[in-house]
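The values are calculated or read from the model by the stated rules, or taken from the named source; none is laboratory data. Nothing here was measured: the structure is a model prediction, and the numbers come from that model. Here Cβ is always computed from backbone atoms with ideal geometry, including for glycine, and neighbour counts include all displayed protein chains. Areas reflect the complete protein model, heavy atoms only, side chains present, ligands, DNA and RNA absent. Shrake-Rupley method; radii C 1.70, N 1.55, O 1.52, S 1.80 Å.
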Amino acid sequence: MLYLLFEHIRIFMILLNGFIVSVETTDNNETSVIDLRLTYVKVPEARTYYVCQQFEVKDDKPYHVTRFEPIINNTEIIHHMLVFGCEFEMDEKGPHPCDSLDYRCHTWLGKWDVGMDDLIMPENGGVRIGKGSFKYLLLQIHWNNEGASKDETDCSGMRLHATSNLRPYDVGNVQIGQNTIDIPGEASDVLISGTCSSKCTGLMLPRPIYITDVYLHMHGLGTRSALEVHRDREVNERIAYEDNYNYRKPIWHNLNPPVIINPGEPIEIKCWFDSEKGMRYRNKTTSFGQGTQAEMCYAFIRYYPRILGFDQCLQKGNKSLNC
C-alpha cells in the first residue's frame, strides 16, 4: 500500500481482490477509481461466449458511481459488457462461463456496447455501491469470436468512477423488451414489440420515475426502433426513436428534460426488422437469442430515483415475466 501525503489530500493505491482502486480524499469527500477487469484469460473457440467474473468492493461508506469507462483489451471480439450488483459472494473468483448463479445478479448497473462512449450519469444522481448497497459486483462480457479463432486472449473490463459525496438521487436501470422473436426469411418491415404493462408499472412503481437516457437494442436485422409511453386517453408519447438503426453504432438517447413515468402507465418498445434486402438478406427464420446471428428487441433505460426491484420488465409472447 503506497501513501503520498499532500496537506489535506491523500492519494493511495490499493490492490483489492485482483483489481486496483485509486482513491483521492479531500476533507470528507473521497473519489475512487475502481477497475473491474478480467483476469488475463484465453478466449474459447466459440463464436458466441459469455464470460463472468465477480469482484468485491470496499463497503466502509456508500458511494455513487458517476461514470462507467470501458477498458478494451481485445477490440476484435468484444461485443458488449455489463456490470451487475450482487447480494451474495460466489465461490468462483476467476473468469468463468456465465451460468444460472451469475444470472441471479439481475440488478444491472451499467451497460456498454461496442461503439459507445463512456456512460455518464445525470448530474443529480449516481449508481450506489458500497455500504448499505452492493459489496459484490459482477462483470459480464460477451465475446463475439466471428471466426472461432483459437488464438484470442482478453483482459477487458470496466472502470468505475465513484464518489462518497453522494448526489441527491440513486440512479436505477430497467430493461424492457420481448423474449419471443420469430422473423421470417425474405420478409420486410416485421414489427416485434414488448410492453411493461399498466399492471406491471402499477405494481412495481410506488411513485413516479424520471427517465434520463434510453438505449434501443437490436441486432443485424433491425432497421428502426421506438420507445413509447401510453398516457391517459390512449395518448402515445414517443420518447426515443431511431429510423436508420445500426447495431454497430449504438446510441444512448439523452432526454432533457427527463420524461416522467407514472405508476400504471405502460412503456412499450417497438422493433422493426428486415430479412429481405441487401446485407440483411436471410432465407430462414431468425429467432430470439444472445448471439449476433439471433435477434433481440430491448430498451435499456436509465432513470431516477431507483426503485428496488425495478430492473427488468420483460415479456415472453403475451406473458409478463416480472410482475
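Do we find that Trp108 is among the aromatic types (Phe, Trp, Tyr), within 22 Å of Pro266 (Cβ to Cβ) and in contact (Cβ under 8 Å) with a residue 12 or more places away in the chain in this structure? Taking the combined requirement at face value, the residue satisfies it. Within region 289-314, the set of residues being among the hydroxyl-bearing types (Ser, Thr, Tyr), open to solvent by less than 20 Å² (accessible area, probe 1.4 Å) and under 20 Å from Gly126 (Cβ atoms) comprises just one member, Tyr303. Just to verify a result, which residue in region 120-147, among those that are farther than 19 Å from Val57 by Cα and open to solvent by 30 Å² or more (accessible area, probe 1.4 Å), is farthest from the chain's Cα centre (by Cα)? So the residue we want is Gly147. Is it true that Val51 is within 13 Å of Ser156 (Cα to Cα), open to solvent by less than 60 Å² (accessible area, probe 1.4 Å), of a type outside the set (Asp, Glu) and assigned to a strand (DSSP E or B)? Taking the combined requirement at face value, the residue satisfies it.
Per-residue answers, yes or no, for (1) of a type in the set (S, T, N, Q); (2) within 24 Å of Tyr215 (Cβ to Cβ); (3) at pLDDT 95 or above:
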| position | (1), (2), (3) |
| --- | --- |
| Leu138 | no, yes, yes |
| Asn144 | yes, yes, no |
| Ala148 | no, no, no |
| Glu152 | no, no, no |
| Arg159 | no, yes, yes |
| Leu166 | no, no, yes |
| Val174 | no, yes, yes |
| Gly177 | no, yes, yes |
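Of the residues Lys150, Lys111, the single one that is within 21 Å of Thr292 (Cα to Cα) and crowded, with 18+ Cβ neighbours inside 10 Å is Lys111. Set side by side, the residues Ser193, Ser164 differ, and just one is over 17 Å from the mean Cα position of the chain (by Cα), touching a residue at least 12 places away in the same chain (Cβ under 8 Å) and open to solvent by less than 40 Å² (accessible area, probe 1.4 Å), which is Ser164.
For region 261-288, a residue qualifies if it is open to solvent by 60 Å² or more (accessible area, probe 1.4 Å), out of contact with any Asp or Glu (no Cβ under 7 Å at 6 or more places or on another chain), closer than 11 Å to Thr223 by Cβ and in contact (Cβ under 8 Å) with a residue 24 or more places away in the chain, and exactly one does: Lys277.
Please count how many residues of region 205-260 are surrounded by fewer than 17 Cβ atoms within 10 Å (Cβ to Cβ) and among the aromatic types (Phe, Trp, Tyr). The number of residues fulfilling the criteria is 1.
Taking every residue in region 220-239 that is over 11 Å from Pro266 (Cα atoms) and pairing it with any residue that is open to solvent by 10 Å² or more (accessible area, probe 1.4 Å) and in a helix (DSSP H, G or I), at least 6 positions away or on another chain, the pairs with Cβ-Cβ distances below 6 Å are Leu221/Arg280.
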